[in-house]
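Trainee: Sending over a structure as structure tokens; questions will come in a sec.
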Amino acid sequence: MLSTFNFKYGQHRYGAKALLIGICLIALVGCANMSPTGQRALSGGAIGAAGGAVLGAVAGGNPAVGAAVGGAAGAATGALMH
């Protein structure tokens, strides 16, 4: 699916990289005016998703499921903490 976004410069294809960088920039700009509770929920979710993906891969399970569960648990914990 990402192969439809091909930008060629010489022999290099930048489609997927350009799309990923654009999504990251939009996500970072959207976090500028968040409340402290929202910031804690977002950072907790990101940390939980990363940890869950690693644990899912190490345990021999599915990293995507680990990331989803870890992200949800991290976001909930971050939102509840002061």
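Trainee: Full extension from Val54 to Leu25: what is 0.36 nm times the residue separation minus their Cα-Cα distance, to one decimal in nm? Please report the intermediate quantities before stating the final value.
Mentor: On the way: separation 29, 0.36 × 29 = 10.44 nm, distance 2.45 nm.
Length gained, Val54 through Leu25: 8.0 nm.
Trainee: To continue, here is another question. In sequence order, what are the phi-derived ³J(HN,Hα) couplings for region 66-73 according to the Karplus relation 6.51 cos²θ - 1.76 cosθ + 1.60 with θ = phi - 60°, rounded to whole Hz, with x for glycine and proline?
Mentor: In residue order, the calculated couplings are x, 5, 5, 5, x, x, 5, 5 Hz.
Trainee: A further question follows. Give me the accessible area per residue for region 13-68, probe 1.4 Å, as a whole number in Å².
Mentor: Numbers: 3800 Å² over 56 residues.
Accessible surface, normalised per residue, equals 68 Å².
Trainee: Hey, can you rank 71-80, 53-62, 19-28 by average C-beta count inside 10 Å, highest first?
Mentor: Those peptides, ordered most packed to least, come out 71-80, 53-62, 19-28.
The values are calculated or read from the model by the stated rules, or taken from the named source; none is laboratory data. This structure is a prediction, so every number in the text was calculated from the model and none was measured. So basically every Cβ, Gly included, is an ideal-geometry build from the backbone, and we count neighbours across all protein chains shown. Note: accessible area is taken over every heavy atom of the protein model, side chains too, but ligands, DNA and RNA are not part of it. Shrake-Rupley method; radii C 1.70, N 1.55, O 1.52, S 1.80 Å.
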